[in-house]
1. Could you work out the relative contact order of the chain, using alpha carbon pairs under 8 angstrom and six or more residues apart, expressed as a whole percent?
2. Please list, by residue number, every one of the GluC sites (Glu not before Pro) in segment 14-115 that is coil in DSSP and has at most 16 other beta-carbon atoms within 10 Å.
3. Not counting the cut sites, what is the longest span of the chain without trypsin sites (Lys or Arg not before Pro) that DSSP labels loop and that have at most 15 other Cβ atoms within 10 Å?
4. How much mean residue ellipticity at 222 nm does the chain get from its helices, if each DSSP H run of length 4 or more adds -39500 (n - 2.57) and you divide by all residues, to the nearest 500 deg cm²/dmol?
5. Quick check: residue separation of R108 and I35 times 0.36 nm, minus the Cα distance between them. What number comes out in nm?
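Read-outs: derived from the displayed coordinates by stated rules, not from any lab. Quantities reported herein were computed from a predicted structural model and do not represent experimental measurements. With ideal geometry, Cβ positions are generated from the backbone for all residues, glycine too; neighbour counts draw on all protein chains shown.
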Amino acid sequence: MMVSRRQVWLTSLDDIRVGREQEGTRPALVISDDIYNNGPSEKAIVLPLTSRETGIPYHIEVGPKEGGLKKRSFIACDQIQTISRKRFVEPWGSVTHETMIKVEEVLRALIFPPS
């Protein structure tokens, strides 16, 4: 199985949840580089999606059909996870370049805020 940056996959994040962490079988956006995604670590870095609007400023809204989504969803940029490729269940589609640029901007603001 090949995992690519910008793809939305149905993933299995079944672990013990703590606080407001995402869990369960849910879509996730692959944000890591394809060399890493398909390399010897057998992992990829993802952002889970949620259909619940929470008002968190680090969530990016995406409409149905983009990325193969069936309903309006939010990319949870504040919930970066590195997961095994064994957790990838099914590819759904890819987000647009414009959405990926928004994701990168939010991640930059979240991880590298101005001093």
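1. On the way: 228 pairs, mean separation 32.2, N = 115.
This gives 28 percent for the chain.
2. Values: sites: E21, E23, E42, E53, E61, E66, E98, E104, E105; in loops: E21, E23, E42, E53.
Loop-located and lightly packed - E21, E23, E42, E53.
3. Values: sites that count: R17, R20, R52, K65, K70, K71, R72.
So the longest stretch without any such site is 73-115.
4. On the way: 2 runs with 19 residues, N = 115.
Value at 222 nm, helices only, nearest 500: -5000 deg cm²/dmol.
5. Going from the current span to full extension adds 24.2 nm.
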